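S.K.: Take a look at this one; I'll ask things after.
The values are calculated or read from the model by the stated rules, or taken from the named source; none is laboratory data. Just so it is clear, the structure is predicted and the values come from calculations on it, not from any experiment. Positions of Cβ are backbone-derived with ideal geometry, glycine not excepted, and every protein chain shown enters the neighbour counts. Accessible surface areas use protein heavy atoms only, side chains included; no ligands, DNA or RNA. Shrake-Rupley method; radii C 1.70, N 1.55, O 1.52, S 1.80 Å.
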Amino acid sequence: MRAGGAGRPEADLALRTATAEDWPAIEPIFRAVVEAGETYAYPDELTSTEAQGLWLEPAPGWALVALLDGKVVGTAKAGPNRPGRGAHVGTASFMVAPGSSGRGVGRALGEQVLARLAAEDYRAVQFNAVVETNVRAVALWRSLGFDVVGTVPEAFDSRAHGLVGLHVMHRPL
């Protein structure tokens, strides 16, 4: 395995559409990220079925997995931000396995999500809740063309930092 360095994807990183059969490999990542308490407001006590329903949404939503050496090391989900008159703006969520950060997994997933949303004729992408203390994610999204269009003060209860803001980030496609 070759290191990607500086957040560049590793050469052997593969991305593909996720299916229900991927849930057993996605769930440990989902659990670790949620239980860390730094990036998602999902309840800790979700059952496996509940968590799967939140992450592997039905169409028009979709999900991806990122694989290194055949092992799932990251996942993303995307679809319309709002139904009806808001469906022309996409949204997405991302999770990378602990121990796989800094290897370009998030960047590769982000680039693929943006490309696919553009191909599906979305006009823009809006992230509704990027925790302001998640500086790596904020930097990644800024490097991919997102702007912070607002911050909701004290809207997230971080395990490490207490009440912190949630950025709303936006990028035209």
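S.K.: Could you please state, rounded to a whole Å, how far the C-alpha centre of the range 34-56 is from the C-alpha centre of the range 91-127?
M.R.: Result: 19 Å between the Cα centres.
S.K.: Hey, what number do you get for the chain at 222 nm if only DSSP H runs of n ≥ 4 count, each worth -39500 (n - 2.57), divided across all residues, to the nearest 500?
M.R.: -8000 deg cm²/dmol
S.K.: Largest first and in whole Å, what are the equivalent-ellipsoid semi-axes of the range 48-138 based on the Cα gyration tensor, each being the root of 5 times an eigenvalue?
M.R.: For the range 48-138, the semi-axes come out at 22, 15, 14 Å.
S.K.: Grab the beta carbon distance between residue 88 and residue 163, set R0 = 30 Å, and tell me the FRET efficiency rounded to 0.05.
M.R.: 0.35
S.K.: When the chain is fully extended, how far beyond the present Cα-Cα distance does residue 50 get from residue 142, taking 0.36 nm per residue of separation?
M.R.: 30.0 nm
S.K.: Let me see the P(r) profile for the chain: every Cα-Cα distance counted, bins of 10 Å, each bin given as a percent of all pairs.
M.R.: Each 10 Å bin holds this share of Cα pairs: 10, 38, 41, 11, 0.
S.K.: Describe numerically, in nm with one decimal, the distance between label points set 7 Å from Cα along Cα→Cβ at residue 59 and at residue 119.
M.R.: 1.5 nm
S.K.: Treating only the Cβ atoms of Lys and Arg (+1) and Asp and Glu (-1) as charged, compute the dipole magnitude of the chain about its Cα centre; round to the nearest 20 debye.
M.R.: 620 debye
S.K.: Also: Who wins for biggest fluctuation among 61, 145, 86 in a Gaussian network model of the chain, springs between alpha carbons below 10 Å?
M.R.: 86
S.K.: Same structure again: Quantify, in whole percent, the carbon and sulfur part of the accessible surface of the range 85-173 (1.4 Å probe; protein heavy atoms only).
M.R.: Percent of accessible area from carbon and sulfur atoms in the range 85-173: 49.
S.K.: Taking only protein heavy atoms and a 1.4 Å probe, what accessible area per residue, in Å², does the range 68-173 have with all protein chains in place?
M.R.: I get 49 Å² per residue for the range 68-173.
S.K.: Give, to the nearest whole percent, the P(r) tail of the range 101-173 beyond 18 angstrom, counting all Cα pairs.
M.R.: 42 percent
S.K.: How large is the charge dipole for the range 66-151, taken about the Cα centre, if only the Cβ atoms of Lys, Arg (+1) and Asp, Glu (-1) carry charge, to the nearest 20 debye?
M.R.: About 80 debye.
S.K.: How high is the relative contact order of the chain? Use alpha-carbon pairs under 8 Å, at least six apart in sequence, and give a whole percent.
M.R.: Reported relative contact order: 21 percent.
S.K.: Which listed residue (51, 79, 23) has the Cα farthest towards the positive end of the charge dipole for the chain, taking +1 on Lys and Arg C-beta and -1 on Asp and Glu C-beta about the Cα centre?
M.R.: Of 51, 79, 23, it is 79.
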